[in-house]
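**Q** The structure's right below; bear with me while I get my questions together.
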Amino acid sequence: MFKGNFDINFDFFKIKPPVLIGVDISSSAVKLVELSRAGNDLTYRIERYAIESLPTDAVLDGDIVNMEAVSESLQRGWKRMGTKQKNVALALPATDVITKKIIVPAGQREDDLVFQVENEASQYIPFPLNEVDLDFQVTKTAPDNPEEVEVLIAASRKEKVEDRVATAVAAGLKAVVVDVEPYAAQAALELTLNQLPGNGKDQVIALVDIGATVMKINVLLNGESLYTRDQPFGGNQLTQEIHNQFNLSLEASETAKRNGGLPENYNAEVLQPFCETLAIEVMRAIQFFFTSTQYTEVNYIFLAGGSAVIPGLDAIISTRTQVSTLVVNPFSAMELSSRIIPRQLNLDAPSLLVACGLALRSFDPS
């Protein structure tokens, strides 16, 4: 969403960016993805990626609290990738961005459109405009009038954007694009919809991103978000339960959760109850969607985030919700460079959804 060279005034949506590394800064890790076009220019190739863990509390509620720790993790991940690219695309969490759609007459001069957007923004943004970074994009023709267009406005406090940019600079990188996490995730999700009948057209799809501390739900229909919700539940609950049950440190619990080696009773007494609780949380989120909108059905659930690859979790959620459930892999139709280990990528792919969507901005024609 937000795009520009940050050492000059913002010029959103007007610059075709260079090759970018998508960088997703989450509460538990920094994730980096670099893509290229395959030989026929019709498909993508994943060139490199890295996941670098973050210290506890370096990022809280989407805010960078320990910039030094985050920039050091970002730098380590970048070095481990072995790339020469230094331009990056970052994203803000949805909670840091105010968005609004407006309808305006089509064919306006750019100056007139900018004036109208700023006038509209001043009415609903609870901060002075000189304290925010403001961006807009014409998205489509208005559904009821071909002489009008729909414009998406997005605004964020300057310090939220500047924190992300400064973190990249401290790591020796240059922020060229600042997007919004749900939009980046949605762009990557669209790469996977060809596995659905009719490429998912007219299907209500719930994207459930299970992070370390928060489960983010975004319900979509034909590329438009119908409903979003964040629920305070994530993979850290499983880590904490391992810590409680087996008397391991939290760090050792996290490692054991990822790599195995836990006692035989782990599956029955810890993992299975966690999966059942997670499935109930997903079902609850879908019920909130039904009661908050006119919709009464979800056709597919896509799971993302680190916990999405827990064996059997998709089946448990499908049974509980009675909705077809799939684990998202935005790289499933991509070519893989020789640096990529396919089995490891399959395990990591659900965690890389936002970073992949950000890397796709390299090919954004706007």
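**Q** Would you please classify the overall shape of the range 30-74 from the alpha carbon gyration tensor, given that a ≥ b ≥ c denote the square roots of the eigenvalues, rounded means a/c under 1.5, and beyond that prolate means a/b larger than b/c while oblate covers the rest?
**A** Note, shape of the range 30-74 comes out prolate.
**Q** Quick one: which residues, 5 or more positions from Ala142 or on another chain, have an amide H under 5 Å from its amide H? H modelled 1.01 Å from N in the peptide plane, none for Pro or chain starts.
**A** Under 5 Å from the amide H of Ala142 lie the amide H atoms of Glu148, Val149, Glu150, each far enough along the sequence or on another chain.
**Q** At 1.567 mPa s and 4 °C, plugging the Kirkwood radius over alpha-carbon pairs of the range 270-366 into Stokes-Einstein gives what diffusion coefficient in µm²/s?
**A** This corresponds to a translational diffusion coefficient of 85 µm²/s.
**Q** Amide H of Ser324: which non-local residues (sequence gap of 5 or more, or other chain) have their own amide H closer than 5 Å, using H built in the peptide plane?
**A** Residues meeting the amide H criterion: Ile301.
**Q** Another one. Given an 8 Å cut-off on Cα distances and at least 6 residues of separation, report the relative contact order of the chain as a percent.
**A** Reported as a whole number, the value is 22 percent.
**Q** For the cross-link pairs Lys100/Lys158; Lys101/Lys201; Lys31/Lys158; Lys160/Lys201; Lys31/Lys84; Lys86/Lys160, which exceed 25 Å when the distance is taken from alpha carbon to alpha carbon?
**A** Violating the 25 Å limit, Cα to Cα: Lys160/Lys201.
**Q** Just from its helices, what would the mean residue ellipticity at 222 nm be for the chain, if runs of 4 or more DSSP H residues each count -39500 (n - 2.57) and the sum is divided by every residue, rounded to the nearest 500 deg cm²/dmol?
**A** -10000 deg cm²/dmol
**Q** A further question follows. Where is the GNM fluctuation largest for the chain (alpha-carbon springs, 10 angstrom cutoff): Pro342, Pro93, Pro105?
**A** Of Pro342, Pro93, Pro105, the most mobile in the Gaussian network model is Pro105.
**Q** Please label the shape of the range 92-138 as rounded, prolate or oblate, based on the square roots a ≥ b ≥ c of the eigenvalues of the alpha-carbon gyration tensor (a/c under 1.5 means rounded; beyond that, a/b larger than b/c means prolate, else oblate).
**A** It comes out prolate by the Cα gyration axes.
**Q** Ok, one more. Using the Kirkwood radius built from alpha carbon pairs, what does the Stokes-Einstein equation give as D for the range 141-212 at 25 °C and 0.890 mPa s, in µm² per second?
**A** 153
**Q** Output the Kirkwood hydrodynamic radius of the range 57-109, Cα pairs only, in Å rounded to one decimal.
**A** Taking every pair of different Cα atoms in the range 57-109, averaging 1/r and inverting gives 14.7 Å.
**Q** Just to confirm the filter: which trypsin sites (Lys or Arg not before Pro) across the range 83-177 are DSSP coil and have at most 12 other Cβ within 10 angstrom of their Cβ?
**A** Passing both the DSSP loop test and the Cβ count: Lys84, Arg109.
**Q** Between the range 193-260 and the range 126-162, how far is it from one alpha carbon centroid to the other, in angstrom?
**A** One Cα centre to the other: 29 Å.
**Q** Which residues in the range 162-189 have a backbone N closer than 12 Å to a point placed 7 Å from the Cα of Thr99 along the Cα-to-Cβ line?
**A** Answer for the range 162-189: 179-187.
**Q** Now, a different point. Taking a virtual spin label 7 Å from the Cα of Asn259 along the C-beta vector, which residues in the range 330-365 bring their backbone nitrogen under 18 Å of it?
**A** So the set is 344-345, 347-348.
**Q** Looking at the chain, send over the antiparallel percent of its DSSP beta bridges, to the nearest 5.
**A** Roughly 70 percent of the DSSP beta bridges within the chain come out antiparallel.
**Q** So, one more: What residues have an amide H closer than 5 Å to that of Ser26, excluding those fewer than 5 places away on the same chain, when H is modeled at 1.01 Å from N in the peptide plane?
**A** Residues meeting the criterion, in which the H sits 1.01 Å from N, are Lys31.
**Q** Among DSSP beta bridges lying fully in the range 72-229, give the percent that are antiparallel, nearest 5.
**A** In the range 72-229, DSSP labels about 85 percent of beta bridges as antiparallel.
**Q** How far, in nm, would the chain grow between Phe127 and Gln245 when pulled straight, counting 0.36 nm per residue and subtracting the alpha carbon separation?
**A** Result for the pair: 37.7 nm of gain on full extension.
**Q** Under the rule a/c < 1.5 gives rounded, and otherwise a/b versus b/c splits prolate from oblate, where does the chain land using the Cα gyration tensor?
**A** Cα axes put the chain in the prolate bin.
**Q** Starting from 0.36 nm per residue, how many nanometres of slack lie between Thr83 and Gln344 once their C-alpha separation is accounted for?
**A** 92.0 nm
**Q** Compute, for the range 19-83, the length of the dipole vector about the Cα centre, with Cβ point charges of +1 (Lys, Arg) and -1 (Asp, Glu) only. Units Debye, rounded to 20.
**A** I would put it at about 420 debye.
**Q** Which one of Ile210, Ile64, Ile310 has the biggest mean-square fluctuation once the chain is modelled by GNM with Cα springs under 10 Å?
**A** In the Gaussian network model the winner is Ile310.
**Q** Which log10 I(q)/I(0) values does the range 192-328 give at q = 0.10 Å⁻¹ under the Debye formula, counting every alpha carbon as one identical point scatterer?
**A** -0.35
Read the figures in this text as sums done on the coordinates, not as results from a lab. All figures in this text were calculated on a predicted structure; none of them were measured in a lab. When we count neighbours, we look across all protein chains shown, and the Cβ atoms used for this are built from the backbone with ideal geometry, even at glycine.
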